[in-house]
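One structure below.
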Amino acid sequence: MASRVVEEEATADPYGPRRAVTVARLALEFAGQFSVEGVEIVLDGCILDLSWVSYAAMPELSERLARQRISSYCHSKNRGFR
């Protein structure tokens, strides 16, 4: 039983709680322009792209990158690009 707990902890998302807060913050910031599901997809991609970053820096850098990507998309969409 103890080995199962260790195994579950090893495979758990290390950014789980922070990820949820970041998704909520970005979803609120881009409400009406970008869906919550879209924010989750973009943030997950940013986390993967920043896999080389230290654990301590990941939350801030992934949020900044996600914000920039979503902002760029919304700006392009508003200008008629898809």
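The values are calculated or read from the model by the stated rules, or taken from the named source; none is laboratory data. Keep in mind it's a predicted model, so treat the numbers as computed, not measured. Please note: Cβ atoms are built from the backbone with ideal geometry, for glycine as well, and neighbour counts cover all protein chains shown. These accessible areas exclude ligands, DNA and RNA; they are computed on the full protein's heavy atoms, side chains included. Shrake-Rupley method; radii C 1.70, N 1.55, O 1.52, S 1.80 Å.
Among residues of the stretch 46-60 being touching a residue at least 12 places away in the same chain (Cβ under 8 Å) and part of a helix (DSSP H, G or I), the one that is surrounded by the fewest Cβ atoms within 10 Å (Cβ to Cβ) is Asp49. Taking first residues from the stretch 63-82 that are closer than 17 Å to Arg25 by Cα and in a helix (DSSP H, G or I) and partners that are at pLDDT 90 or above and of a type in the set (Asp, Glu), the Cβ contacts under 8 Å between residues at least 6 apart in sequence or on separate chains come to Leu65/Asp49; Arg67/Glu29.
Annotation: of all residues in the stretch 61-82 being charged (D, E, K, R) and surrounded by 10 or more Cβ atoms within 10 Å (Cβ to Cβ), the one that is nearest to Gly16 (Cα to Cα) is Glu63. Only one of the numbered conditions (1) in contact (Cβ under 8 Å) with a residue 24 or more places away in the chain; (2) outside any helix (DSSP H, G or I) is not met by Leu43, and that is (2).
Residues in the stretch 23-35 that are open to solvent by less than 50 Å² (accessible area, probe 1.4 Å) and either of a type in the set (Gly, Ala, Ser) or at pLDDT 95 or above (or both): 4 in all. Out of curiosity, is Ser3 modelled with pLDDT under 90 and open to solvent by less than 100 Å² (accessible area, probe 1.4 Å)? Yes: the conditions hold for Ser3. Of all residues in the stretch 36-45, those that are open to solvent by 60 Å² or more (accessible area, probe 1.4 Å) and either β-branched (Val, Ile, Thr) or under 12 Å from Ile70 (Cβ atoms) (or both) total 3.
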